[in-house]
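Visitor: The following block contains the structure, expressed as structure tokens.
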Amino acid sequence: MLPAVPSSVSPLSDWLTYAERLHSKTIELGLERVHTVAQRLGLRLDEPVVFTVAGTNGKGSTCAMLESILLQAGYRTGVYSSPHLVHFEERLRILGAPVAASALTPYFAEVEAARLQHTEVPLTYFEFTTLAILWCMQAQRLDAAILEVGMGGRLDAVNIIDADCAIITGIDLDHMEFLGPDRESIGREKAGILRAGRPAIVSDPVPPASVIDRAVAIGADLRRLGRDFNFSGDRQQWVWTGRERRYAGLAYPALRGANQLMNAAGVLAALEALRPRLPVMAQAVRNGLARVQLPGRFQIVPGQPALVLDVAHNVHAVAALAENLDAMGFYPVTHAVFGAMADKALDPILARINPLIDHWYFCDLPTPRAARASALMARWQALNTRAGVSASVHAGPWEALHAAALQAEPADRIVTFGSFFTVGGVLAHGTPRLQAGKPVAVVLT
């Protein structure tokens, strides 16, 4: 039995608990139910310019760079992204800042009223919260709305909104039980966000044919990395060239990692395509890329030892993390705090990064989907062939980080990865500041 319906002034936590119990399934793909409630609300989101971003990896970074540039250009922006690291309110940023929890709850109440109108419509947690956030965005008088697809694209709740510009980032194998067994199947689902006659930006350098085929079939304005836009660079700066514009002497994005140039290139292609409606000066591009921030994406926290935070949770993302770690320079010892969902490709993930790790700290995560720390260690032990590598299990990410900090030397590094829950568990108390051999201190943020 459902608890009593919270009110418009109830705490956000009450609404989130309520939304979790509305549907028997965590994920149920399809748009009919969401469309029905959206129509009852009058949800259109047709005043701001809408960017929708789908892909396996790079979505969050793409949204953050697009947001940062548009803010520097003076536009009112709203960004919907998921999941969050620590607080649910992180899922909606207005003018670059997370919305207050108390500002969200009236929109939850209005979604619930629409859901119950005439005939009750069952909604999953993701569908309910997505509608509440989109409804909130519609009230903000935005110039630009940036929507990150949660999973897939064609049947994702975000896809009820017709985007003015769709961006598809890197595509790889993830959520295969829902999206299909290979990149072509997954690409076909991602391509569901494309719209006829509107810009379709593909920043994956080798996209599945299914994405290109869909864009051509519906007559989208297809813009591909390597054909319609490109980038090059040296150690100091990089250059972007599109159909009609060129940016030279760009500083590298503040988000670290070699893969970020592909994401940045897609962002600039999207801005070029929408330039008649959202003109952006070159200085806004430079400032936006230089100032962009996004916690948990190859985030390096200085200290002794250094701390690397990365939400990488599939094989492709972990491969990029391994390459970025390898490019960091020399560290005598690398410690890894790792927690992950049980449905991920754990053996390839562990095998890919294991050559870089000297001490593993496997941790439990606070969700039924997660693999137990003991199971993760058993998987690692079955594939590890390196001598002298140690492993231990811990109750959570914070406890694992504490153990790693006590064991580490000042010149070492600790990488925390595997899930949003893993990185979020470390950031829940603030930004850690590490000092070898001592308990973890935090700087409140």
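No lab work stands behind these numbers, since they all come straight from the coordinates. Bear in mind the structure is a predicted one, so any value in this text is a computation, not a measurement. No Cβ is skipped: glycine too gets one built from the backbone with ideal geometry, and neighbour counts run over all protein chains shown.
Visitor: Whose amide H sits under 5 Å from the amide H of Ala371, counting only residues 5 or more places off or on another chain, with H placed in the peptide plane?
Guide: Distant-sequence amide H within range of Ala371: Ala340, Met341, Ala342.
Visitor: Hey, if you put +1 on the Cβ of every Lys and Arg and -1 on every Asp and Glu Cβ in the chain, which of Ile193, Gly266, Ile94 ends up farthest toward the positive end of that dipole?
Guide: Most positive-ward Cα: Gly266.
Visitor: Among Gly430, Ala144, Pro279, which residue has its Cα positioned farthest towards the positive end of the charge dipole of the chain, with +1 placed on the Cβ of Lys and Arg, -1 on the Cβ of Asp and Glu, and the dipole taken about the Cα centre?
Guide: Among Gly430, Ala144, Pro279, the one farthest towards the positive end of the dipole of the chain is Pro279.
Visitor: I'd like to compare 238-250, 333-345, 123-135: which one has the highest average count of other Cβ atoms within 10 Å, and what's the full order after that?
Guide: On the way: 238-250: 15.0, 333-345: 22.2, 123-135: 23.9.
Per-residue Cβ counts within 10 Å, averaged per peptide and sorted highest first, yield 123-135, 333-345, 238-250.
Visitor: Now for a different question. Using a basic spin-label model with each label point 7 Å from the Cα along Cα→Cβ, how many nm lie between Ala97 and Val333?
Guide: With each label point 7 Å from Cα toward Cβ, the separation is 4.3 nm.
Visitor: Would you work out the charge dipole size for region 324-445 about its Cα centre, treating the Cβ of every Lys and Arg as +1 and the Cβ of every Asp and Glu as -1, and quote it to the nearest 20 debye? Walk me through the numbers on the way to the answer.
Guide: On the way: 9 positive and 8 negative charges, 25 e Å.
Computed about the Cα centre, the dipole is about 120 debye.
Visitor: Going 7 Å from the Cα of Asn230 toward and past its Cβ, which residues in region 243-260 have a backbone nitrogen under 13 Å from where you end up?
Guide: Inside the label zone: 243.
Visitor: Suppose every K and R has +1 on its Cβ and every D and E has -1 on its Cβ; what is the size of the dipole of region 79-129 about the Cα centre, in Debye to the nearest 20? Let's see the in-between values first.
Guide: Working: 3 positive and 6 negative charges, 30 e Å.
My answer is approximately 140 debye.
Visitor: How large is the charge dipole for the chain, taken about the Cα centre, if only the Cβ atoms of Lys, Arg (+1) and Asp, Glu (-1) carry charge, to the nearest 20 debye?
Guide: For the chain, the charge dipole is close to 800 debye.
Visitor: For the chain, what D do you get in µm² per second when you plug the Kirkwood radius from alpha-carbon pairs into Stokes-Einstein at 25 °C and 0.890 mPa s? It would help to have the intermediate numbers written out before the result.
Guide: Numbers: Rh = 22.6 Å.
It comes out at roughly 108 µm²/s.
Visitor: Counting only helical runs of four or more DSSP H residues, what would the 222 nm mean residue ellipticity of the chain come to if each run contributes -39,500 (n - 2.57) and the total is spread over all its residues?
Guide: Numbers: 15 runs with 159 residues, N = 445.
Result for the chain: -10500 deg cm²/dmol, rounded to the nearest 500.
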